[in-house]
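What follows is one structure encoded as C-alpha cells, with my remarks underneath.
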Amino acid sequence: MDTDPGVDDAQAIAFAIAHPEIELLGLTTVFGNAQIDVTTRNALTVLEEFGRSDIPVAKGAAQPLQISRFPAPDFVHGDDGMGGLYLEPPKQQEINETAAEFIVRVANEQHGELSLIAVGPLTNIAQALVLDPELPNKVTALVVMGGTVDAIGNVSPVAEANFINDPHAADAVCSADWPLSIVGLDVTMKIAFTDSLFKKLQKKAGKVGDFLWRSSRFYVDFYSSLSQKISDERACAMHDASALVYLVQPDYFTNVSGPACVAKSGPAMGQLLLDRTKESYLLPYWEGRPNVSVAMQVDGQAVLDCFVNTLIDFN
Ligand code: RIB
Ligand code: CA
C-alpha cells in the first residue's frame, strides 16, 4: 500500500490490517498530506499503534516528478499530518530500500498475486513503472484513490489532491496497461464517515477504534467547516479507506470504463479526463490508451458497514 499518512490514510491502514482477506505486505510512503519525513514517521507510528510494527515501511518520493511541490495541507491533516496528535516518535525505522524498489521487488516475489493500493500522489508508482515497465503485468490489481470525473474537485474546481500533487505521475499511471481501478471523489464524497460511526468505533473497536476517533477530530472539524456538506451530522468523507473496501467488495461500486489521461498544466492541472464514449475525438490524448475502470456510483452504507464491522470484528 502506497500512502501519505494522513488522517484518512491511517483509517485505510487500519482496515488493511483488520480485514481477514487482506495480508498487508508493506507500506511505501510518499509526500502529500505532509512532507516525506513526516508521512514516513506517521506510517511507522501508525503501524506501532495498531500493533503491527513487523510490517515494513519503505520511504519514497519527497517531491513530484516534474512540478514543484504544493504546500502540505496542514489545515486538513494538522501540521503533524495526524490531526494534531503529536505522537511519540516510532521505535522502528524504514527499510533500506526505496518505495519504488520495494514495490518492484515484492511484485516479482509474489508472482502475480500482489494487489497494489495507492492512496497518495502517484510518484512512487510512476517511478516503479520506470524501474520495471513489465510491472503492470505482474500485479493482480492496482486500486488508486484519486481523481474525479463528475464530482467537484477538492483542491480546484476540477482536481483532486492526489492527482494534482503529481499530475505527471498520475498521467503516466493512466497510460500503462494495468488492471487499474480508480476510486475517486465521484464516490468518496458520497460516503459520509459520521461522528456517530467514529464514536461506535471508539467504543467497540478497541485501541484501533480509539485511535481513529482521536486522530479524526481535527479532520472532521475541517470537513464540517466546508460549504459543500456531505452529511447533516458532523462527518468527513471516506477517501482512502474506500479504496481498500473496493479491493475486497468491488460489487458495492458501479464503474465506468474508458481510456483516461490527466491534465498536466494550466487551470485544469490534475483533472482526470475519462473518455466514456470512445468516440474519435479532435484531440489525440486518449488514442492508444488502455481502459481504466472508474468508480462512479457507490452503495455508501454498505461501504461504511463493511469498514466499521471489519474493525469491530478484528477487536
Ligand atoms: O483527495 C483525498 C486524498 O488526498 C486522500 O488520499 C487524502 O489522504 C489526501 O491525500
Ligand atoms: Ca492519502
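The values are calculated or read from the model by the stated rules, or taken from the named source; none is laboratory data. Values in this document were obtained by computation on a predicted structure and should not be read as measured data. Cβ coordinates were reconstructed from backbone atoms using ideal geometry, including for glycine residues, and neighbour counts include every protein chain displayed. Accessible surface areas use protein heavy atoms only, side chains included; no ligands, DNA or RNA. Shrake-Rupley method; radii C 1.70, N 1.55, O 1.52, S 1.80 Å.
Only a single item in (1) in a loop (DSSP other than H, G, I, E, B); (2) out of contact with any Leu (no Cβ under 6 Å at 6 or more places or on another chain); (3) under 25 Å from HIS239 (Cα atoms) is not met by ALA151, and it is number (2). Residues of segment 1-17 that are more than 10 Å from ligand 1 (Cβ to nearest atom) and either over 21 Å from VAL106 (Cβ atoms) or open to solvent by less than 10 Å² (accessible area, probe 1.4 Å) (or both): ASP2, ILE13, ALA14, PHE15, ALA16.
Within the bounds of segment 146-153, is there any residue that is closer than 13 Å to GLY32 by Cβ, touching a helix residue (DSSP H, G or I) at 6+ places or on another chain (Cβ under 9 Å) and of a type outside the set (A, V, I, L, M)? Scanning segment 146-153 turns up at least one residue that is closer than 13 Å to GLY32 by Cβ, touching a helix residue (DSSP H, G or I) at 6+ places or on another chain (Cβ under 9 Å) and of a type outside the set (A, V, I, L, M). Within the bounds of segment 82-105, is there any residue that is crowded, with 21+ Cβ neighbours inside 10 Å, within 14 Å of ligand 2 (Cβ to nearest atom) and of a type in the set (Val, Ile, Thr)? Scanning segment 82-105, I find no residue that is crowded, with 21+ Cβ neighbours inside 10 Å, within 14 Å of ligand 2 (Cβ to nearest atom) and of a type in the set (Val, Ile, Thr), so the answer is no. Only one entry in THR29, THR3, THR40 is over 27 Å from SER265 (Cα atoms), among the hydroxyl-bearing types (Ser, Thr, Tyr) and within 17 Å of the chain's Cα centre (by Cα), namely THR40. May I ask you to list the residues in segment 154-191 that are away from ligand 1 (no atom under 12 Å from the Cβ), open to solvent by 20 Å² or more (accessible area, probe 1.4 Å) and outside any loop (DSSP other than H, G, I, E, B)? HIS168, ALA172, SER175 - these are the residues of segment 154-191 that are away from ligand 1 (no atom under 12 Å from the Cβ), open to solvent by 20 Å² or more (accessible area, probe 1.4 Å) and outside any loop (DSSP other than H, G, I, E, B).
Among helices (runs of 4 or more DSSP H) entirely within segment 204-298, having at least 1 residues that are farther than 15 Å from GLY147 by Cα and more than 19 Å from the chain's Cα centre (by Cα) singles out 206-215, 217-224. Given the structure, is GLN127 in contact (Cβ under 8 Å) with a residue 24 or more places away in the chain, in a loop (DSSP other than H, G, I, E, B) and closer than 22 Å to PHE31 by Cβ? Answer is no for this residue.
Based on this model, can you work out whether PRO133 counts as touching a helix residue (DSSP H, G or I) at 6+ places or on another chain (Cβ under 9 Å) and either open to solvent by less than 70 Å² (accessible area, probe 1.4 Å) or closer than 18 Å to ASP177 by Cα (or both)? In short, no.
Could you list, in sequence order, all residues of segment 106-116 that are outside any helix (DSSP H, G or I) and either open to solvent by 70 Å² or more (accessible area, probe 1.4 Å) or closer than 19 Å to LEU47 by Cα (or both)? Answer for segment 106-116, where residues must be outside any helix (DSSP H, G or I) and either open to solvent by 70 Å² or more (accessible area, probe 1.4 Å) or closer than 19 Å to LEU47 by Cα (or both): HIS111, GLU113, LEU116. Scanning segment 88-143 for residues that are of a type in the set (D, E, K, R) and more than 17 Å from GLY60 (Cβ to Cβ) yields a count of 6. State whether one or more residues within segment 238-260 are open to solvent by 70 Å² or more (accessible area, probe 1.4 Å) and modelled with pLDDT of 95 or more. Yes: one or more hits. Does segment 19-30 contain at least one residue that is open to solvent by 10 Å² or more (accessible area, probe 1.4 Å) and either among the polar types (S, T, N, Q) or within 10 Å of ligand 2 (Cβ to nearest atom) (or both)? Within segment 19-30, none of the residues are open to solvent by 10 Å² or more (accessible area, probe 1.4 Å) and either among the polar types (S, T, N, Q) or within 10 Å of ligand 2 (Cβ to nearest atom) (or both). Residue count for segment 2-33, restricted to those that are among the hydrophobic types (A, V, I, L, M, F, W, C) and over 23 Å from ASP210 (Cα atoms): 3.
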